[in-house]
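J.: Structure provided below as structure tokens; questions to follow.
Every read-out reported here was derived from the displayed coordinates using simple, explicitly stated rules and does not represent laboratory data. Since this is a predicted model, take the numbers as computed values, not measurements. Please note: Cβ atoms are built from the backbone with ideal geometry, for glycine as well, and neighbour counts cover all protein chains shown.
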Amino acid sequence: MKAIALDTYGSPDDLRLVELPEPKVAPGEVLVRVKAAGVNPVDWKLGAGMLDAVMETRFPLISGWDVAGVVERVGFDATEFAVGDEVYGYIRKDWAQNGAYAELVSAPVRTLAKKPASLSWEEAAGVPLAGLTAYQSIERLGVDRGDVVLVHAAAGGVGSLGVQIAVARGARVIGTASERNHEFLRSLGAEPVTYGEGLA
Ligand SMILES: NC(=O)c1ccc[n+]([C@@H]2O[C@H](COP(=O)([O-])OP(=O)(O)OC[C@H]3O[C@@H](n4cnc5c(N)ncnc54)[C@H](OP(=O)(O)O)[C@@H]3O)[C@@H](O)[C@H]2O)c1
């Protein structure tokens, strides 16, 4: 299969198109034919070696923890999905090697959900990592009607989803962002504030 990989820790300039063996499918996993892969800040941090102390990383390294695609093969004891199912997910495993910047990726079924028909492949691949981060943060804070929530980097991937979830729960949301993103934040229901000096 074709993949975008790094031979050693490096920068995005070191990414190259390579031909690699198809990933093996462990029990409890399915093989997904990738339609779209999400790109997150953690991808370059992983590639630069910034997670080396906490994550076993093997080379060639294929990055990409967000995927949307079609189930191509079902592993032993992976009864939740069938061949042909359209899925999306945050498919990070406990080590890094076979990510979603590839034609095929294996994923534990616990990391996948059926892709809503209302989302394009690209939209679906953009949701999982940022969406789960935002959702879990808002959930753990117990954000509720009448609360005031400050979301930093509110126009970014995590922030813009966090704003929408907090607004949907009835909170008043203040979001920090560059001036050029203020209209966008207003459209999501937040009150924009420029970050930096004078923020408080
Ligand atoms: N620990 C976790 O589980 C976890 C999970 C997901 C993400 N993250 C991390 O969270 C960060 C955001 O991720 P993302 O996917 O949302 O990134 P992103 O889409 O690239 O968004 C980054 C945002 O940061 C804003 N920003 C830059 N400097 C800022 C400042 N001084 N104060 C406030 N906002 C500032 C930018 O806003 P403007 O364009 O408006 O300037 C931009 O929208 C990254 O560092 C990522 O690695 C951590």
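J.: Could you list V67, V149 so that the one with the fewest beta carbons within 10 Å of its beta carbon is first and the one with the most is last? Write out the running numbers ahead of the final one.
T.: Details: V67 29, V149 21.
Neighbour counts put them in this order, fewest first: V149, V67.
J.: Which one, G64, G99, G49, has the greatest fluctuation when you compute a Gaussian network model over the chain with C-alpha springs under 10 angstrom?
T.: G49
J.: Okay, moving on. Angle between the Cα long axis of helix 128-141 and the longest principal axis of the chain, 0 to 90 degrees, nearest 10?
T.: For helix 128-141, the angle is close to 50 degrees.
J.: Once you treat every alpha carbon in segment 128-193 as an equal point and sum by Debye, what is log10 I(q)/I(0) at q = 0.13, 0.16, 0.26 Å⁻¹?
T.: The Debye formula, applied to the Cα set alone, gives -0.27, -0.42, -1.07.
J.: A further question follows. Please say if the chain is rounded, prolate or oblate, where rounded means a/c under 1.5 for a ≥ b ≥ c the square roots of the C-alpha gyration tensor eigenvalues, and otherwise the choice is prolate for a/b larger than b/c and oblate otherwise?
T.: prolate
J.: In degrees from 0 to 90, rounded to the nearest 10, what is the angle of the helix 157-168 Cα long axis to the longest principal axis of the chain?
T.: That helix lies at roughly 60 degrees to the long axis.
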